[in-house]
1. Just the accessible area for F165, please: 1.4 Å probe, Å², rounded to the nearest 10?
2. Using 7 Å Cα-to-Cβ label points, what is the Y95/F165 separation (nm, one decimal)?
3. If you count only protein heavy atoms and use a 1.4 Å probe, how large is the accessible surface of S21, to the nearest 10 Å²?
4. Please get the size of the charge dipole for region 98-158, origin at its Cα centre, with Cβ charges of +1 on Lys and Arg and -1 on Asp and Glu, quoted in debye to the nearest 20.
5. Please give, to one decimal in nm, the separation of the simple spin-label points placed at T50 and R69, each 7 Å out from Cα toward the Cβ.
Amino acid sequence: MIWEKLQGVDAIQQMMDQVSSAARDELAVELGIISRDLLAWQRSAAPKDTGELAGFLSIWVMVDELRARVGFISAKGARGQGNKTKVFYGRFVQYGRKAQTVLVTRHLKRKVRGNGRYGTTKRVIYDGKPYPLRVKAMAPRNFIFAPNADAIVAQRVADFWSNTFQRAGV
């Protein structure tokens with residue numbers, strides 16, 4: 001694939017050079033405000049049974065990259081790694097669940113026979129019997145992805161840039 005220079009890139013680069021670094025800081029503030037608004041929408045749309053799901057929603061604004069993430073974000077910055085055990089059911093609420101019958105083995109007692117030495121094999125023996133469990137279907141309830149969020153964010157960023165360019169005299 002051959003990369004060609006896009007038309008108008010020079011004009012955009014010249015225009016961006018005229019915009020001060022203060023505009024970058026203002027854009028970071030604007031991203032924080034937009035993220036806070038999206039977080040408020042997510043928390044209002046989250047299920048209210050225990051309130052725990054809404055409590056794990058958070059914001060991460062990366063000022064250097066001018067990016068923001070809103071939703072289930074762990075303290076480490078990984079995608080939900082720290083929150084998996086506590087709010088795993090958020091995925092079922094967001095995307096729904098189909099009706100099915102599953103085989104449950106959670107109450108079986110596990111015994112290990114043999115240790116794998118001297119030609120014996122290590123075997124795991126379960127005492128008890130698994131039982132079937134019917135899981136009811138659940139309709140999806142959207143609380144993470146705001147409707148028309150892309151259009152709202154694009155409009156607010158476009159308004160920001162038009163105001164910034166007017167102030168810069170471009």
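1. For F165, solvent-accessible area is about 40 Å².
2. Taking the simple label geometry, Y95 and F165 are separated by 4.0 nm.
3. About 90 Å², rounded to the nearest 10.
4. Details: 14 positive and 2 negative charges, 135 e Å.
Using only the charged Cβ atoms, the result is roughly 640 debye.
5. Result: 2.4 nm between the two label points.
The values are calculated or read from the model by the stated rules, or taken from the named source; none is laboratory data. Keep in mind the model is a prediction, meaning the values are calculated, not measured. Virtual Cβ from ideal backbone geometry, glycine too; neighbours counted across all protein chains shown. For the accessible areas, the whole protein counts, side chains as well, though only heavy atoms, and no ligand, DNA or RNA atoms are used. Shrake-Rupley method; radii C 1.70, N 1.55, O 1.52, S 1.80 Å.
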